[in-house]
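These notes are about the structure you will find just below.
The values are calculated or read from the model by the stated rules, or taken from the named source; none is laboratory data. Worth saying up front: this structure is predicted, and the values here are computed from it rather than measured. Backbone-built Cβ (ideal geometry, glycine too); neighbour counts: all protein chains shown. Remember, those area values only see protein heavy atoms, side chains included, never the ligands or the DNA or RNA. Shrake-Rupley method; radii C 1.70, N 1.55, O 1.52, S 1.80 Å.
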Amino acid sequence: MLLMHHIFLFVLVLAPNQTTTYITEIRKQEFIQLLQTLPHKGEFYTDEAIAKAGPYLPTLFALTETDLTGYDIYPFGALSSGLASHLEHRKYAVRNFSKIQHPTIKLLWSVMLFDSAQRSPEVVRFLKNALADPEQTKVLSEGLGPKFSDFKNRVLSR
């Protein structure tokens with residue numbers, strides 16, 4: 001019995017990202033407020049902003065369409081792009097891809113993960129399903145512009 005207790009504690013200590021964390025509404029609002037104060041250059045966030053926002057990645061993934069009603073999605077996408085430029089955040093995103101609640105944020109992360117070494121079968125399946133949906137295909141096409149056709153071919157060939 002004592003051995004099982006130690007194994008359980010060992011797993012909790014070494015794999016904190018494997019446990020499910022409930023993100024409170026208060027935490028979501030803190031994150032949204034933080035986002036509005038983060039330094040940026042033009043339309044993208046600075047390295048300092050990305051470092052400050054990094055610990056909020058689980059919160060970003062927990063945001064729903066309801067949470068973001070009335071907010072422009074663009075800053076959340078710009079922040080996601082900055083976060084995805086860091087290996088540890090991409091690894092976290094692959095492990096927790098299914099936890100991304102907002103459909104646009106999930107679509108954005110799927111594209112960024114597909115184009116990185118951290119892509120997973122789950123990301124590829126998600127993108128194939130997105131390409132089978134006319135509305136999501138339109139979002140992808142508008143977001144990727146002239147790169148869409150090549151991207152689509154690469155996804156469908158996987």
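Charges were assigned to the Cβ only: +1 to each Lys and Arg, -1 to each Asp and Glu. The resulting dipole of segment 63-158 about its Cα centre is roughly 500 debye. The peptide list 81-94, 141-154, put in order of mean Cβ contacts within 10 Å with the highest first, becomes 81-94, 141-154. As a fraction of the 1.4 Å probe accessible area of the chain, surface on carbon and sulfur atoms comes out at 59 percent. With both labels modelled 7 Å from their Cα along Cα-to-Cβ, the residue 115 to residue 157 distance reads 1.7 nm. Taking the chain as a Gaussian network of alpha-carbon nodes connected by springs under 10 Å, the highest mean-square fluctuation of the residues 66, 104, 24 belongs to 66. Placing unit charges on the Cβ atoms of the charged side chains and taking the dipole of the chain about its Cα centre, the candidate lying farthest along the positive direction among 53, 103, 157 is 157. Taking a spot 7 Å from the Cα of residue 73 along the direction of its beta carbon, which residues of segment 129-158 have an amide N less than 16 Å from it? Label zone hits: 130-145. Shown here: semi-axes √(5λ) of the Cα gyration tensor in Å, derived from the displayed model; of the candidates (i) 26, 20, 14; (ii) 30, 19, 15; (iii) 28, 22, 15, it corresponds to (iii). Accessible surface area normalised per residue over the chain is 61 Å², counting heavy atoms of protein chains with a 1.4 Å rolling probe.
Normalised by the number of residues in segment 18-158, the average gap of Cα pairs under 8 Å and 6 or more apart makes the relative contact order 18 percent. A Förster radius of 25 Å, combined with the Cβ-Cβ distance separating residue 88 from residue 122, puts the computed FRET efficiency at roughly 0.85. Stretched out straight at 0.36 nm per residue, the stretch from residue 99 to residue 29 would grow longer than its current Cα-Cα span by 23.4 nm. Once the Cα atoms of helix 2-14 and of the chain are each reduced to a long axis, what angle between those two axes, in degrees from 0 to 90 to the nearest 10, is obtained? Helix 2-14 sits at roughly 30 degrees to that axis.
Taken about its Cα centre, segment 39-89 carries a charge dipole of roughly 80 debye when the Cβ of each Lys and Arg holds +1 and the Cβ of each Asp and Glu holds -1.
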